[in-house]
């Protein structure tokens, strides 16, 4: 019985962990050729979202995700180039990345997040607000209506933050955004906020900020040293 025509997909090493387990070591996967399949379809069917893919080649020639593949084609997917530009609207994080969102806000990044947003809500908001969606959900990144997305790597929020900062290299402005809602902070006079402060804070603190969105008040408190350490670890050295 004759073999079905096939396409051979290879990927850069950084993308290999996204392939089926049997193909990860070689970063190579042989797949059945489908007449109407495009380069993008083959890559995503192998488990690699196009958000993670940079240059594509077919038989050594530059290709686009929408290109049809001839039988026997050799398709290669390179990794997306870093750093990527951040869209004008900033970042949007899925429901599982709340801790990462808080860290990003501490660094002054516009990081929208809601504990109640489902996948369709996230796609709509990403489009409406020109945001890049950060998620560890490959299926979410493969939604056609999603304009920009990025797969977040890391076992916890600290590793995830390192990955995001490396991928986008955004300009940081630590302690300028609300950790609760991401709106900018403004300096607030002590007498303006004194009524809502704990007694000990009124006695010991003189400098305050207030969120321009939700009104939350900030001052240097018990967690200041840990926040300073996060800022120090995340801020690139000058020059």
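The values are calculated or read from the model by the stated rules, or taken from the named source; none is laboratory data. No experiment lies behind these values; they were computed from the predicted model shown. Every residue, glycine as well, gets a Cβ built from its backbone with ideal geometry; the counts of neighbours run over all protein chains shown.
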* Residues satisfying the stated conditions in region 89-117, i.e. in a strand (DSSP E or B) and closer than 16 Å to residue 146 by Cβ -> 91, 92, 93, 112
* Filtering region 163-185 down to residues that are in contact (Cβ under 8 Å) with a residue 60 or more places away in the chain and part of a helix (DSSP H, G or I), which residue is surrounded by the most Cβ atoms within 10 Å (Cβ to Cβ)? -> 164
* Asked: Is it fair to say residue 32 is surrounded by 14 or more Cβ atoms within 10 Å (Cβ to Cβ) and farther than 21 Å from residue 133 by Cα?
  -> no
* Asked: Got at least one residue in region 87-108 being in contact with a strand residue (DSSP E or B) (Cβ under 9 Å, 6 or more places away or on another chain), free of Cβ contacts under 8 Å to residues at least 24 places away in the same chain, surrounded by fewer than 18 Cβ atoms within 10 Å (Cβ to Cβ) and closer than 30 Å to residue 174 by Cα?
  -> yes
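Results for (1) in contact (Cβ under 8 Å) with a residue 12 or more places away in the chain; (2) surrounded by 15 or more Cβ atoms within 10 Å (Cβ to Cβ); (3) touching a helix residue (DSSP H, G or I) at 6+ places or on another chain (Cβ under 7 Å); (4) under 29 Å from residue 132 (Cβ atoms), shown as yes or no for each residue.
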{"residue": "6", "(1), (2), (3), (4)": "yes, no, no, no"}
{"residue": "9", "(1), (2), (3), (4)": "yes, yes, yes, yes"}
{"residue": "19", "(1), (2), (3), (4)": "yes, yes, no, yes"}
{"residue": "24", "(1), (2), (3), (4)": "no, yes, yes, yes"}
{"residue": "37", "(1), (2), (3), (4)": "yes, yes, no, yes"}
{"residue": "56", "(1), (2), (3), (4)": "yes, yes, yes, yes"}
{"residue": "59", "(1), (2), (3), (4)": "yes, no, no, no"}
* Within region 206-222, is even one residue under 18 Å from residue 103 (Cβ atoms), exposed (fewer than 11 other Cβ atoms within 10 Å of the Cβ) and either free of Cβ contacts under 8 Å to residues at least 60 places away in the same chain or not assigned by TED's automatic domain parsing to the domain that holds residue 110 (or both)? -> yes
* Structure fact -> Among the residues of region 126-141, the number that are more than 11 Å from the chain's Cα centre (by Cα), buried (at least 17 other Cβ atoms within 10 Å of the Cβ) and within 15 Å of residue 110 (Cβ to Cβ) is 1
* Scan region 61-75 for residues that are in contact (Cβ under 8 Å) with a residue 60 or more places away in the chain and either in the same structural domain as residue 171 (by TED's automatic domain parsing) or farther than 19 Å from residue 26 by Cα (or both) and report the count. => 2
* Structure fact -> Filtering region 1-45 down to residues that are assigned to a loop (DSSP other than H, G, I, E, B) and more than 18 Å from residue 66 (Cβ to Cβ) yields 1, 2, 3, 4, 5, 12, 19, 20, 24, 25, 26, 27
* Asked: Does residue 144 satisfy being at pLDDT 95 or above, within 25 Å of residue 89 (Cα to Cα) and surrounded by fewer than 16 Cβ atoms within 10 Å (Cβ to Cβ)?
  -> no
* To do: Those residues that are touching a strand residue (DSSP E or B) at 6+ places or on another chain (Cβ under 9 Å) and within 15 Å of residue 86 (Cα to Cα), I need them from region 109-134; list them, please.
  => 109, 110, 111, 112, 126, 129, 131, 132, 133, 134
* Answer yes or no: is there a residue in region 122-135 that is without any contact (Cβ under 8 Å) to a residue 24 or more places away in the chain, farther than 17 Å from residue 53 by Cβ and in a loop (DSSP other than H, G, I, E, B). => no
* Asked: Can you find even one residue in region 144-159 that is part of a helix (DSSP H, G or I), closer than 30 Å to residue 120 by Cβ and out of contact with any helix residue (DSSP H, G or I) (no Cβ under 8 Å at 6 or more places or on another chain)?
  -> yes
